[in-house]
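The values are calculated or read from the model by the stated rules, or taken from the named source; none is laboratory data. Quick caveat: nothing in here was measured; it's all calculated off a predicted structure. Neighbour counts are summed over all protein chains in view; Cβ atoms, including those assigned to glycine, are modelled from backbone coordinates with ideal geometry. Side chains included, ligands, DNA and RNA excluded: accessible areas come from the protein's heavy atoms. Shrake-Rupley method; radii C 1.70, N 1.55, O 1.52, S 1.80 Å.
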Amino acid sequence: MFKSHRYGLITSIVGIGAVILLLLVYRNLAWHGLIDHEIKAHVTLTQVFSNTIWPRYAKFLVDASRFSKAELQRHEIIGQLHRDVGRYIARSSVVKIKIYDLTGITVFSTDLAQIGQDKSRNSGFISAKNGAPVGKITFRDRFDTFEGVIVDRNLVASYIPIRISDSAPVEAVFEMYADVTDLAVDLAEHQWQIVFWVGGSLSLFYLFMFVIVRQADKTIQKQKEQRLEDEAKIHYQAHYDALTGLHNRTSFAQRLEEAVKRARRGGRMLGLLQFDLDHFKLVNDSLGQSAGDQVLRTSAKRMQACVRESDMVFRTGSDQFAVIMESLRSTEDASRLATRIIKSMAAPMIVNDQDLMVTVSIGISIFPQDDLTADMLVKNSDSALHLAKQEGRNQYQYYSPSMKQQALERLEFESGLKLALQHDEFVLYYQPRIKSESEEIVAVEALLRWAHPERGLVPPNSFIPLLEEMGLINSVGEWVLRTACQQTKEWHEAGMSRVRVSVNISSGQFRIKSFVDMVQDALDQSGLDAQYLELELTESVLIENIDSAIKVMNDLKQIGVSISIDDFGSGYSSLNYLKLLPFDFLKIDRTFVKDLATSEKDAAIIKTIAALAHSLRVKLVAEGVEESRQMEFLRSQDCYEFQGFLFSPPVPSAAIPDMMSKQVVRRAV
Ligand code: C2E
Ligand code: MG
Ligand code: MG
């Protein structure tokens, strides 16, 4: 991974190294400058010496090697020269002078002890003898000078040729030591200052740069990590379902396509199973979304536990799942899996401290026997799923070619439904509600029918869920309400006794903000007195959002309409809520009434519901009353109204006036 601060650090180090190198070069140049300067000074001094002193001693010194060392050291002329030189170099930086004859013998030294030493091999001497002055700088911790011993000194030693003029031959060689300690110390000090300031500022600069670059690096790194994380998240969201952790619909389409290709290439069978949780909407509506989520998660886990490692489970819709089974050996493999899943789903789920029974319907299609494309496999398993639901749910069905026709018909049915309102194909039927006391029709329930151009009268259960799914329930519901109000007002105006009308309200309608205004408007438009309108709400509609339900119900009570709770006992009702809701009628679900005579349990339930209604001071209504004995039992439970085939099925509006005038309602009687 590219890390700019590392490169920054390296360039910084290289930069600092370069500066140190420059400083070393500078130091070297400075030392050479110093030596050059000293040599030049010494050449001048030598010239002066050559002009003033040398002529007097030249003759003796050039030939001095004829004397022994001891003779020379004690020689008078040497003593004289020693004094002259002493005067000459007094108070100058020169601390020692030596003179070599051309054979390299030290014929004179301010340090007399050195006289007689042979320096013929010394490179400085050789260079000077050849006419080129040279010098070098040395450090001496102890040095004998003309004026005594000096310590810790930087000395420049120069070898200078002695000659009368530049073109004259070299007669001897001078060695001159000059003390340059002060200069050297100054130089070193300057160097250190330069090192300190340049190095210090550079280091600070690089440190600063380093911090900035590293910070930038960190930011870039963080952004990179964030981007990778975001990408992973986006990828996850695009391919997985957040709630169950299963692959989602997008993933499903891709994987199925790939699996079909593989199966085709390998000549293998492939099974596609599509699942739909039965009555999931009811769970969601009555127990709330978090309970619904829990059911979905548990279902997903159970399905996953049933499949083989090579099978993939997907969540393809809100309560829809799918399994792709690759390498099927036979269709039985798919049946076995379907049975396993149905069984595993049969165990109760504990949601909100309640035992929930969640079942599943499954549709299966098989490649290659059903069809060849992924698309068709999906459509076919969909059709099979539809059949499984139609056949009573909690089961699996295989696709069969006849389903194709059914699927087409369903599509046609749906598109017909879209236009039914415009084409005036909806009609209201009315079912009388009989007061237990007087056995008179006191109310009618408006029940929707679709007068299908080909199929005839279609009952609401086969299209109301579709209207809800298609988002059409509000407009159709509004039509029902307005039509029922108008019709009832017409009956009133026709002089019929004041009959009440009850209208079923779906959850979608009830949730609309302007619902109460719409009810008021329907009353205003029709001129129907509010006391003759009753709205039927199911428990699930109310429990979905209890606070807002209470508010809307209070607003409805305010405008004077009555409210009944329909199909009571069929949903996941919570009795706790019931006492909070302002309603007038409790309609027992007809499934309890149906088996009343044969089921003691149902009788007990009805007794309990009746007691509940009385204690809540609401009127009890029984629907689905088909037999006299049912009526008698319900009457014994103080049931206020009856509704059912015993009295009349739902009938067209035109039939009602006749019934009302004759009060001929009890068929059985
Ligand atoms: P519901 O509100 O419980 O209506 C009573 C249903 O029971 C009606 O079915 C009625 O025909 C049926 N029924 C009445 N007496 C008997 C009997 O003695 N035995 C049996 N077995 N059934 C009886 P329908 O008309 O098919 O309506 C079914 C459901 O459709 C209604 O149940 C209601 O929930 C819904 N529905 C009907 N019209 C509308 C509507 O305009 N809007 C909404 N949102 N839902 C409606
Ligand atoms: Mg009803
Ligand atoms: Mg009902």
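On a 1.4 Å probe surface of the protein chains, which of Val48, Val323, Val151, Val170 comes out largest in accessible area, and what is the full order?
Val151, Val48, Val170, Val323
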What does the charge count around Glu536 come to, taking other residues whose C-beta lies under 9 Å from its C-beta (Lys +1, Arg +1, Asp -1, Glu -1)?
-3
Whole Å is fine, so just give me how far the alpha carbon centre of the range 587-615 lies from that of the range 213-287.
48
With 5 Å bins from zero, work out the P(r) of the range 249-400 over every alpha carbon pair and list the percent per bin.
2, 10, 20, 23, 20, 13, 7, 4, 2, 0, 0
For the range 359-428 and the range 313-354, what is the separation of their C-alpha centers, rounded to whole Å?
19
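Within the chain, what's the longest run with no chymotrypsin sites (Phe, Trp or Tyr not before Pro) in a DSSP loop and at most 16 other beta-carbon atoms within 10 Å? Give the range, please.
3-644
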What length, rounded to one decimal in nm, is gained on full extension from Thr250 through to Leu23, with 0.36 nm per residue of separation minus their alpha-carbon distance?
74.9 nm
On a 0 to 90 degree scale, rounded to 10, what angle separates helix 200-239 from the longest Cα axis of the chain?
20
Longest principal axis of the chain (C-alpha) makes with the long axis of helix 76-89 (C-alpha) an angle, in degrees to the nearest 10, of 40
To the nearest Å, what is the center-to-center distance of the range 80-151 and the range 437-465, using C-alpha atoms only?
137
If you plug each phi of the range 469-477 into the Karplus form 6.51 cos²θ - 1.76 cosθ + 1.60 with θ = phi - 60°, what whole-Hz ³J(HN,Hα) values come out, in order, with x for Gly and Pro?
4, 7, x, 9, 5, 5, 5, 5, x
Two-site FRET efficiency, Val211 against Glu257, from Cβ-Cβ distance with R₀ of 51 Å, rounded to 0.05
0.45
How long are the semi-axes of the equivalent ellipsoid of the chain, defined as square roots of 5 times the Cα gyration tensor eigenvalues? Whole Å, largest first.
124, 30, 21
Computed over the Cα atoms, what is the radius of gyration of the range 195-237 divided by 2.2 N^0.38 Å, N being its residue count?
1.97
In whole µm²/s, the translational diffusion coefficient that Stokes-Einstein assigns to the range 1-119, given a Kirkwood hydrodynamic radius over C-alpha pairs, 10 °C and 1.306 mPa s, equals 88
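How big, in percent, is the set of alpha carbon pairs in the range 2-237 lying more than 25 Å apart? Each step should come with its number before you reach the end.
Values: 15727 of 27730 pairs.
The answer is 57 percent, as a whole percent.
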Fraction of accessible area attributable to carbon and sulfur, the chain (%, probe 1.4 Å)
54
Could you give the angle, 0 to 90 degrees to the nearest 10, between helix 181-194's Cα long axis and the longest principal axis of the Cα atoms of the chain?
10
